[in-house]
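Structure first, commentary second.
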């Protein structure tokens with residue numbers, strides 16, 4: 001359970017919620033497709049977390065100076081081979097469950113699923129791990145934002161939607177911010193271990209700026225939805241979360257101790273849920 005990192009799982013739940021509620025608003029909602037999509041999204045993220053735990057241990061990225069949450073393999077609580085088996089098993093379960101989505105959605109869903117699993121492993125594994133070479137943020141934005149929201153909509157509606165694309169942008173941006181806080185907290189340890197995150201390559205101010213830019217992207221999408229797709233003012237409900245995230249932004253920019261960012265990471269994930277629920281409510285009210 002600890003290795004699954006439940007505090008980060010909103011990154012999987014929220015995009016499926018948005019894709020599903022959009023399909024419902026169009027009269028195209030499929031409960032079975034949405035539930036299986038949610039199960040697969042959670043399984044792939046958990047499998048990715050298992051792989052991250054295993055490969056970071058193998059690469060020596062997790063050491064005694066670690067500030068973040070305890071990594072099970074590095075701490076000796078789970079044997080490396082057991083963690084590797086858990087990774088393979090979880091990804092295999094996701095693949096098997098996803099065959100139902102392939103059956104209803106076709107080969108495009110097959111390849112989306114395969115690449116989601118593959119890049120989940122390659123995030124920290126393989127000869128060119130994405131998370132070790134400054135590509136983690138892009139991976140998260142694409143797969144937890146664009147792919148997850150639009151893919152969920154597709155397995156419900158069996159068609160693509162421009163609305164799904166625009167709705168995926170704030171979700172992807174807020175997912176990235178979870179990673180930003182993680183990388184900001186671990187920047188010194190990552191530098192020592194040779195993990196080339198954006199913070200290691202360009203400095204902490206870039207990460208702090210990225211957090212702000214992702215928030216701006218999330219909120220600037222709302223007027224586009226309002227003006228381009230004729231959403232009513234209910235689409236601005238996520239503005240109610242601004243006071244909450246303003247305090248998180250302040251901590252990101254002015255924290256004194258890196259340990260403070262453990263709580264900020266969890267709060268950033270919770271904010272994503274709040275934003276997602278408010279956004280989903282706005283979509284729901286639009287369809288009434």
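Coordinate-derived values only; no laboratory data. All of these numbers come straight from a predicted model, not from anything done at the bench. Neighbour counts run over all protein chains shown; Cβ positions are idealised from the backbone, glycine included.
Please say if the range 120-273 is rounded, prolate or oblate, where rounded means a/c under 1.5 for a ≥ b ≥ c the square roots of the C-alpha gyration tensor eigenvalues, and otherwise the choice is prolate for a/b larger than b/c and oblate otherwise? Oblate shape, in that a/c is at least 1.5 and b/c is the bigger or equal ratio.
Classify the range 88-197 as rounded, prolate or oblate, taking a ≥ b ≥ c as the square roots of the eigenvalues of its Cα gyration tensor: rounded when a/c is under 1.5, otherwise prolate if a/b is larger than b/c and oblate if not. Oblate is the answer for the range 88-197, as a/c is 1.5 or above yet b/c matches or exceeds a/b.
Extension gain for residue 111 to residue 242 (0.36 nm times residue separation, less C-alpha to C-alpha distance): 43.4 nm. Given their separation in residues at 0.36 nm each and the Cα-Cα distance between them, residue 82 and residue 256 gain 58.9 nm when the chain is fully extended. Computed packing ranks the peptides 123-132, 157-166, 248-257 as 123-132, 157-166, 248-257, most packed first, by mean other Cβ atoms within 10 Å.
Does the chain classify as rounded, prolate or oblate by the C-alpha gyration tensor (a ≥ b ≥ c root eigenvalues; a/c under 1.5 gives rounded; else a/b over b/c gives prolate, otherwise oblate)? The shape class here is oblate. For residue 96 and residue 1, a Förster radius of 25 Å and the Cβ-Cβ distance give a FRET efficiency of 0.70, rounded to the nearest 0.05. The distance from the alpha carbon centre of the range 227-264 to that of the range 76-133 is 30 Å, rounded to a whole number.
A simple packing score, the average count of other Cβ atoms within 10 Å per residue, orders the peptides 112-120, 33-41, 84-92 as 33-41, 112-120, 84-92, with the highest score first.
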